1. Would you mind telling me which numbered condition in (1) touching a residue at least 60 places away in the same chain (Cβ under 8 Å); (2) more than 14 Å from chain A (Cβ to nearest Cβ) B:PRO284 fails?
2. Pairs only if they're at least six apart or on different chains, beta carbon under 8 angstrom, first in segment B:103-126 and hydrophobic (A, V, I, L, M, F, W, C), second at pLDDT 80 or above and assigned to a loop (DSSP other than H, G, I, E, B); list them, first residue then second.
3. Check B:GLY256 against each of (1) on the phi < 0 side of the Ramachandran plot; (2) crowded, with 24+ Cβ neighbours inside 10 Å and name the one condition it does not meet.
4. Every residue in segment B:293-345 that is hydroxyl-bearing (Ser, Thr, Tyr), touching a helix residue (DSSP H, G or I) at 6+ places or on another chain (Cβ under 8 Å) and without any contact (Cβ under 8 Å) to a residue 60 or more places away in the chain, please.
5. Determine which member of the set A:SER23, A:SER46 is more than 14 Å from B:ASN247 (Cβ to Cβ) and either more than 9 Å from chain B (Cβ to nearest Cβ) or in contact with an Asp or Glu (Cβ under 6 Å, 6 or more places away or on another chain) (or both).
6. Counting only residues that are more than 8 Å from chain B (Cβ to nearest Cβ) and in contact (Cβ under 8 Å) with a residue 40 or more places away in the chain, how many does segment A:258-272 have?
7. Assuming B:VAL380 fulfils every condition listed in (1) without any contact (Cβ under 8 Å) to a residue 40 or more places away in the chain; (2) out of contact with any Gly (no Cβ under 6 Å at 6 or more places or on another chain); (3) within 14 Å of chain A (Cβ to nearest Cβ); (4) β-branched (Val, Ile, Thr) apart from one, which condition is it?
8. Working only within segment B:21-60, note down all residues that are small (Gly, Ala, Ser) and either in contact with a strand residue (DSSP E or B) (Cβ under 6 Å, 6 or more places away or on another chain) or at pLDDT 85 or above (or both).
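The values are calculated or read from the model by the stated rules, or taken from the named source; none is laboratory data. Everything numeric here is computed off the predicted structure, so don't read it as measured data. We place every Cβ from the backbone using ideal geometry, glycine too, and count neighbours over all the protein chains shown.
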Amino acid sequence: MGNIFDFEEKIDIAWCPGCGDYSIRKALLEALQELNLKKEKVVLVSGIGQAAKMPQYINTSFFNGLHGRGLPPATAIKACNPELTVIAVGGDGDMYGEGGNHFLHATRRNPDITLFVHENMVYGLTKGQAAPTSRTGMKTPVQVFGVFEKPLNPIALAISLDVTFVARVFCGDIEQTKDVMKKAILHKGFALVDIFQPCVTFNKINTFKWFKDNTYYLSGDYDPSDRTGAFKKSLEEEPFPLGIIYKSDHRTTFEENISVYKNDNSPLYKREFDIKKLEAEINAKV
Amino acid sequence: MANNITDDLVIVLAGQAGQGIQVIENILSSLLKGTGYNFFSTSELMSRVRGGLNSTELRVSSKRSPGFLDRIDLLIPLHNDAIAHLKKRISLGEKDKVNYEGIIDIQFTGIANELGNAVFSNTVAAGLICGLLKIDERELENFIFKYFAVKNEDIRNKNLQAIKKGYFAGQALTEINISINKSIEVKTDLLLSGADAISLGAVAGGCNYVCGYPMSPSTSVLEKMSSYAEKFDIIAEQVEDEIGVVNMALGAWYAGARAMVTTSGGGFALMSEGLSLCGMIESPLIIHLAQRPGPATGLPTRTEQGDLNLALYAGHGDFPRIILAPGTLEEGFRLTQRAFNLSDKYQVPVLILTDQYYVDSIYNTPVFKTDDIRIEKYIVETDKNYKRFSLTENGISPRGIPGFGNGNVCVDSDEHDESGHITEDSDMRIKMADKRFKKFESIKKDISPATLTGSDNYTTLVICWGSTFNIVNEAVEGLGSKDIAVMHFSWIFPLQENIIEYLNKASNVIIVENNSSAQFAMLIKQTTGYSIDKKILKYNGLPFSVEEVMKEIQKFI
């Protein structure tokens, strides 16, 4: 049987041949199907960038908004209708650069949404400038003397913010990518999966081989529930650890903290307005 | 010699931030309105939490007069600098008298100190005014007991003693005779601020998602809506920045909520890209924009009507929008309510322009009727073939939301096809641009025309918009001329096209705007070709006063 999240007809995908995004799409399609999610209950949210085109290529509802601004609508969509599975997708520039402030504060609210970040350490859509995660020394048409800035470490950042599901995978391993995606979607609260993804056109340094050579799998006895240990692990670079680095269930979600769901689980759109309450409020001003 | 004050009393309280002027305002507003006096108050504040010098004007009158007056009948200075701060206004009528002989020495602090703490001096001052107005002593006691009910007994008693000491001092004053008529109907009026009117209007519009980033003077609406969260099933969230605010609100509408954001000029500037997104994805969106003087940080706690051009042109690309600007509390309530229905119907952003003067002014007004209030929802259940941007006759595509029906609801900031997927097809681009533009024509049919007050057979027409209505109206009434009418606009954009007929009927057209470049006059010129060159403009951060509008109009007639 075909995957309900895929299109019956052939679709025109704008990614370069050989792009890591194809593997991520494959993993996501399989993850959605294997979780038996109802198609009409899934919403993908993205900003702008090559990664942010993902929603176009999945057969679901989507909100493909502005560059860097995926998380605020994703948070609101989940808050207004907690019955939906809300997945935000973007690239490193989208989520950690332009959208950096929203990333910080979305994690503080802890909505029950999932964030997949395609991390290729370069700007693809704008043709090859540095990303917040570009490694120091990388030369680009703008960073002509090489990147001098310290690359952003999203895993350490997320753990410092107490994001309760923090994982990193490499899209070259579709099985692990899919497995971690499923766990992230099922996780209650904000879940971040940073996905290493080679950009075959604009990043000639961090190639498929480079990611392969500079990553390793966390061992079976690694304990992701220990936040201090996880933070220490998150600081490891070249090689970068792959897997679920931190996971905890001690935080409440945004939706759980919203008063509207205290006594009523129904989404906002289903609720009726009570004019009597309004009249009482107006009359209280007499 | 005694001063007689008849029918209209202007009291100004002045002191430093933290001296409790607002407590006096709160006590007197409820008490005076509750006993049947028409009441109006407005504040001018410095942008600081302590110190500086703030003043609040309280107007108590026999007939409804909710407009700012320059004249001060009674100045209650709670700080040494107060007289210097307001000298210009006191000196309007009787300069020497007020400055020298006019001073009546009431030792607010001395009396308060007798009670053990100078902190009660504001309550003493409130008592003094009650004494001057000869409020019934029992009524005063009951009120104060209720007002301080949540405080502990000691504080309650001290305040009661303080207000009574002030009250007796006021009664004993023979230098001032005040006679203002009370009326029974005022007792059953509402007493509320502009911020309250906007917030109640939003609730009445079915608002169930509000977000913002604190910014004067818009914050009071965010706070009011947050206080309604539990009672009215509203999600209220303070967001990290205004960019997040507007994008969240769009997400909320997408998921089926009715969202409003509240902000001021600087915050709205940050929302420009989100506003443009709203235009592209054809989402409803309510923006309350409480204006303050710019550019940049400007005068953060003061008033201006300087963001009309920003509201008209914010956001890249072409897309329709609606701009409203209430003139009265009633209008603030009704228009905000209606804004939600209009926004949902046409899938366009609706901006509600107020300003510091509007949101912070308080007065009594007849109870808002609710029998004609309808929450119009335009959400449809989707099926498998649903297309969010289906091309229709009037440009409005039925709006589905995710999770309601079997269809995909796809919205995209890129140009898109009917299904909401990215397209670069030129023909589709034209179809979509035309479709968005078509909605403009339908919107025009819903315009609420401007209100015309004063003479029908006018030769002079005074144009104003938004918060200045009560001031300009009172000024024109005060002139008592049969040749003048006031045309007030609360529906700003799209501008009603027949305005030209009203303009042509007058031999003399004057515009009143609380900004420096006559932005509304520019819109009129752009729409009709009619150029208004008699302009009454004010941009020092303060609202117009009735007297100055009278004086300025007289210069033009």
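1. Result: B:PRO284 passes all but (2).
2. Cβ pairs passing all conditions: B:ILE104/B:LEU173; B:ILE104/B:GLU175; B:PHE108/B:LEU78; B:VAL119/B:GLY20; B:ALA125/B:LEU78.
3. It fails just one condition, (1).
4. B:THR297
5. A:SER23
6. Final tally of qualifying residues: 2.
7. (2)
8. Result: B:SER29, B:SER30, B:GLY34, B:GLY36, B:SER41, B:SER43, B:GLY51, B:GLY52, B:SER55.
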